[in-house]
Amino acid sequence: MKHRLEQSTKALSTLIEKRGNKFYPQFHLAAPAGWLNDPNGLIYHDGLYHAFYQHHPYSQDWGPMHWGHATSTDMIHWQHQPIALAPGDDYDKSGCFSGSAISHEGKLYLFYTGHNWLADEGDDSQIYEAQCVAISEDGIHFEKKGIVLEPPKGYMHFRDPKVWYQEGKWWMVVGARDEKDQGQVLLFSSDTLFVEGQQWNNDYTVLGKTDDKNVYMWECPDFFPISQENEFAIVFSPQGKRAEGYQYRNLFQSGALIGKWAPNQPFKLQGHFIELDNGHDYYAPQSFTTPDGRRVSMGWMDMWNSPMPSKSEFWSGCFTLPREITFDKSKNRLRMIPVKEVESLRQEKQTIQPLTLSNQSIELINNTSAIELNLTLSLDSLAEKFGLWLGEGLELFVDNQSHRLVLNRHYPQHNISGARSIPLPEGCELNLRIFIDRSSIEIFVNKGEFTFSSRYYDQQDIQTLRLFAINGDATLINGEYWQLNSIY
Ligand code: FRU
């Protein structure tokens, strides 16, 4: 692998020299150049947070997958590290696909999918996928050890291992597609994490499977406890689900199933699939635990097959902010808020005075290129439509006719447009905590009851943020914002 790592590092440095910055994030993790998709191997190991990612260092487009790598002391300020994995061995000829990390006895283990096209490149009907491992002593340089888990009979699409330790055993969930082209997540276990020359037993149970005949694959499964009462969430990214009214509007979605589970018992489902995020760009989230016991998740803030204007700057793809996940038992759903560490980016606090707008708009902030904004709006407002305009093509507003909070994008020059929305939360106040970066917006509604993650691509270099009310009055109860420091 050494030679291929050297080659890819060289290719990446050429791209870094060409990389543009108009859309490049100031406080979200992105590859230094080239392509990035799923978060991989998120972990706290030996005093540092590690984030790996699906990476193509040769261009801004998806290609043979490498694992990019960054480390951090606080999950916010990231330092790029050398590329961790390059594909091309017998078992990962066509790519080192997604997976997870384990910190064990001082070493860092990466579990990933060795992807192999058996016919033409890109021909998904003939592939071989097996779970592989790579090990590091120093947390930076990895030695590949080959396959640790072969696909059970009948499974060709078999990828994205997530490994954890519980009650004396190692467990692994893997995303799969069965012989009838239905999405599933398979569960494996092993007494040992890794023994040279030995594989995990590939006897499995089906932890979860689709009840929607259109769903042909579950990618990137994650499985973790959400309460002290054996409640667990399976978070995964189904492919094939069709849009239904306001839901499932992205090409693929990511969401959760909640239920009860204990080792050697089936997963007892409580409820149905709920999307984790309601924006245009959110996929393949992965979670890990912090030393103080928080469950934190990051997702890929993009969507497959969508236009990515940053490609003109020789990079594409970034992560969401790290978000703490909690379980809201009363609503039987997960909530996400940014980890408290993001507050370290704040410059001086700016207060926005309460105000009522009547059929007008005013400028709130004249340069939003790196901003955290916290607004409380009255839901008693009678305006037909009120909220925020960002730059030339983004609006976030309460639609008092449909009773929904809507995030709408309109960038015809990039062929990007369309709205995502959520029902208005109960109560008479709407709290919006908003993070605006150079080409992304994340919105946390009512302390994480709902979130939106979307990319935006303005022609102008500087965007202004305006508050507006159309056909009636709207009241801002209070507001504050901070310019944020760059993490780079
Ligand atoms: C999800 C995914 C994974 C796969 C990886 C390939 O976005 O399709 O299933 O491992 O991306 O880059």
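Checking the conditions here, which among ALA101, ALA119, ALA84, ALA70 is in contact with a strand residue (DSSP E or B) (Cβ under 8 Å, 6 or more places away or on another chain), aliphatic (A, V, I, L, M) and over 25 Å from VAL339 (Cα atoms)?
Selected residue: ALA84, the only one of ALA101, ALA119, ALA84, ALA70 that is in contact with a strand residue (DSSP E or B) (Cβ under 8 Å, 6 or more places away or on another chain), aliphatic (A, V, I, L, M) and over 25 Å from VAL339 (Cα atoms).
Just one of the numbered conditions (1) within 20 Å of the chain's Cα centre (by Cα); (2) buried (at least 18 other Cβ atoms within 10 Å of the Cβ); (3) part of a strand (DSSP E or B) is not true of PHE188; which one?
It is condition (1) that PHE188 fails.
Only strands (runs of 3 or more DSSP E) wholly contained in the stretch 210-305 count here; list those with 3 or more residues that are in contact (Cβ under 8 Å) with a residue 24 or more places away in the chain, closer than 22 Å to GLN182 by Cα and within 16 Å of the ligand (Cβ to nearest atom).
Passing ranges, in order: 217-225, 231-239, 283-289.
Tally up the residues in the stretch 356-370 that are open to solvent by 30 Å² or more (accessible area, probe 1.4 Å) and more than 19 Å from TYR457 (Cβ to Cβ), please.
Adding up the residues that qualify gives 8.
For the stretch 208-256, how many residues meet the condition of being among the basic types (Lys, Arg) and on the phi > 0 side of the Ramachandran plot? Don't jump to the end; show me each part of the working.
Looking only at the stretch 208-256, we keep the residues that are among the basic types (Lys, Arg), and these are 209, 213, 241-242, 249.
Filter again for on the phi > 0 side of the Ramachandran plot, leaving none.
Within the stretch 208-256, residues that are among the basic types (Lys, Arg) and on the phi > 0 side of the Ramachandran plot number 0.
Would you confirm, using the coordinates I've provided, whether ASP124 is more than 27 Å from THR289 (Cα to Cα) and either away from the ligand (no atom under 16 Å from the Cβ) or buried (at least 24 other Cβ atoms within 10 Å of the Cβ) (or both)? Before you say what the answer is, go through the steps one by one.
Numbers: more than 27 Å from THR289 (Cα to Cα): yes; either away from the ligand (no atom under 16 Å from the Cβ) or buried (at least 24 other Cβ atoms within 10 Å of the Cβ) (or both): no.
No; evaluated as a whole, the condition is false for this residue.
Would you check if ASP178 is out of contact with any strand residue (DSSP E or B) (no Cβ under 6 Å at 6 or more places or on another chain) and in the same structural domain as LEU269 (by the TED database)?
On the way: out of contact with any strand residue (DSSP E or B) (no Cβ under 6 Å at 6 or more places or on another chain): no; in the same structural domain as LEU269 (by the TED database): yes.
Taking the combined requirement at face value, the residue does not satisfy it.
Being under 23 Å from ASP138 (Cα atoms), in contact with a strand residue (DSSP E or B) (Cβ under 6 Å, 6 or more places away or on another chain) and in the same structural domain as ASP292 (by the TED database) is the requirement here; does TYR49 meet it?
Taking the combined requirement at face value, the residue satisfies it.
Looking at this structure, is ALA134 buried (at least 18 other Cβ atoms within 10 Å of the Cβ) and within 30 Å of GLY47 (Cβ to Cβ)?
So ALA134 passes the test.
The values are calculated or read from the model by the stated rules, or taken from the named source; none is laboratory data. Just so it is clear, the model here is predicted, and its values are computed rather than measured. Note that we place each Cβ from the backbone using ideal geometry, even for glycine, and neighbour counts take in every protein chain shown. Keep in mind that these areas ignore ligands, DNA and RNA; they rest on the heavy atoms of the full protein, side chains included. Shrake-Rupley method; radii C 1.70, N 1.55, O 1.52, S 1.80 Å.
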